[in-house]
Structures are given as structure tokens and as C-alpha cells.
1. In which sequence would 47, 31 go, from the one with the fewest C-beta neighbours within 10 Å to the one with the most?
2. Per 0.36 nm of contour for each residue apart, how much would the distance between residue 12 and residue 50 grow if the chain were fully extended, relative to their Cα-Cα spacing?
């Protein structure tokens with residue numbers, strides 16, 4: 001399964017791969033991330049990602065807060 005993310009996402013993000021292998025395409029550039037790898041995603045970039053291996057892939061995406069916007073959780 002490929003996850004598509006809107007290019008209008010207003011925040012910077014950092015992704016950390018905890019387990020497995022992830023393919024991520026950022027602004028039409030392919031990257032393969034393995035366990036322990038990180039990637040910085042600048043606000044407004046276009047990206048999509050998928051599990052690139054035969055085993056489970058676990059990743060954590062950390063999203064920078066947006067000034068003036070309060071969390072809803």
C-alpha cells in the first residue's frame with residue numbers, strides 16, 4: 001500500500017524508521033530508509049511512502065507544531 005500525503009501539509013516533519021525498510025518519495029526523489037534511519041520533510045513538500053521490505057515496517061513521524069494552532073487531542 002502506498003500512502004500519499006498532500007503537498008499542502010503546513011508543518012515540518014521528521015521520520016524515524018524503528019523496524020524494517022521504507023521507501024519514501026520526496027518531491028519525486030526516491031529514498032530507501034532502513035532501521036535507525038531518519039529523514040527531514042520540509043513543510044510543503046510532496047511525499048509518499050510504503051513498506052519496501054517483506055517484513056513489518058514501523059516508523060515514527062514527528063510533526064512540528066504550527067504557531068497559533070492548539071492541539072486538538
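1. Final ranking by Cβ density, sparse to dense: 31, 47.
2. Gain on extension, residue 12 to residue 50, equals 11.7 nm.
No value in this document is a laboratory result; all are computed from the given coordinates. Note that the coordinates shown come from a computational prediction; the quantities given were computed from them, not determined experimentally. For neighbour counting, all protein chains shown are included, and Cβ atoms are generated from backbone atoms with ideal geometry for every residue, glycine included.
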